[in-house]
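Here's a structure for you.
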Amino acid sequence: MNKAILLDRDGVINQERGDYTYRREDFSVLPDVIPALRVLQEMGYMLIIISNQSGIAKGLFTIADVEKLHSYLVAYLDDNDVRIKEIYYCPHHPEYSSCICRKPDSQLIEKALARFNIDPAKSFFIGDKERDILAGKKAGVQGILIDSNFSLMKAIEPIIKGEKK
Ligand SMILES: [Mg+2]
Ligand SMILES: [Zn+2]
């Protein structure tokens with residue numbers, strides 16, 4: 001079985017601006033992200049992003065906007081020798097429709113675990129909100145809660161040291 005690092009997007013990979021981020025010009029990858037993801041990749045972890053994008057349900061932006069931004073992100077990281085296996089996102093919001101894919105629900109994580117044959121016990125979820133950690137927990141994946149826009153290099157120290165709760 002494989003092991004993976006599941007990552008929230010906004011505030012973990014790219015700067016959390018306190019507003020919806022869907023335009024390329026508003027999107028900036030945080031400083032430590034590339035070196036940190038390279039380290040994890042070299043340790044044999046698959047890298048998967050799991051994101052809530054309720055702005056789609058709210059009509060603030062479209063699936064096409066999100067896909068375009070994600071294509072940019074994947075290509076940018078790829079140019080820097082970081083391979084993102086997949087980006088899963090929930091386009092829903094409870095005020096508009098119910099779903100089981102929005103974090104703190106764990107459906108997207110479970111999809112990723114099944115598709116890529118990932119052992120949850122060997123994997124981690126890094127997020128900047130409690131709901132990220134809850135979603136991981138439901139799928140049996142240990143969470144690492146960080147402040148928004150925190151250094152990813154520092155965040156992964158317990159993984160590098162092999163600490164497991
Ligand atoms: Mg976030
Ligand atoms: Zn959903």
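Please report, largest first and rounded to whole Å, the three semi-axes of the ellipsoid equivalent to region 24-98, where each semi-axis is the square root of five times an eigenvalue of the C-alpha gyration tensor.
27, 14, 10
List the residues whose amide H sits under 5 Å from the amide H of M46, counting only those 5 or more places along or on another chain, with H placed 1.01 Å from N in the peptide plane.
Excluding prolines and chain starts, which carry no amide H, the hits are K3, A4, I5.
Work out the length of the dipole vector of region 3-160 about its Cα centre, built from +1 on the beta-carbon of each Lys and Arg and -1 on the beta-carbon of each Asp and Glu, and round it to the nearest 20 debye. Let's see the in-between values first.
On the way: 20 positive and 23 negative charges, 90 e Å.
Magnitude of the dipole: close to 440 debye.
I want to verify the translational diffusion coefficient of the chain in µm²/s; compute it with Stokes-Einstein, Rh as the Kirkwood radius over Cα pairs, at 25 °C and 0.890 mPa s. Working shown, then result.
Working: Rh = 15.8 Å.
My calculation gives 155 µm²/s for D.
Based on other C-beta atoms within 10 Å, arrange V82, V12 from fewest to most.
Fewest to most other Cβ atoms nearby, the residues stand as V82, V12.
Among the Cys residues of the chain, which have no other cysteine Cβ under 4.7 angstrom away?
C99 - these cysteines have no disulfide-compatible partner (Cβ-Cβ under 4.7 Å) in the chain.
As I understand it, the dipole of the chain uses +1 on the Cβ of Lys and Arg and -1 on the Cβ of Asp and Glu, about the Cα centre. Which of L145, G59, L113 lies farthest toward its positive end?
Farthest towards the positive end: L113.
So, one more: Kindly write out, for region 80-85 in residue order, the coupling ³J(HN,Hα) from the Karplus curve 6.51 cos²θ - 1.76 cosθ + 1.60 (θ = phi - 60°), rounded to whole Hz, with x marking Gly and Pro.
Working through the residues one at a time gives 9, 6, 10, 9, 8, 5 Hz.
Each reported figure results from applying straightforward, stated rules to the coordinates on display, with no laboratory input. Keep in mind that what you see is a predicted model, and the values were worked out from it rather than measured. We place every Cβ from the backbone using ideal geometry, glycine too, and count neighbours over all the protein chains shown.
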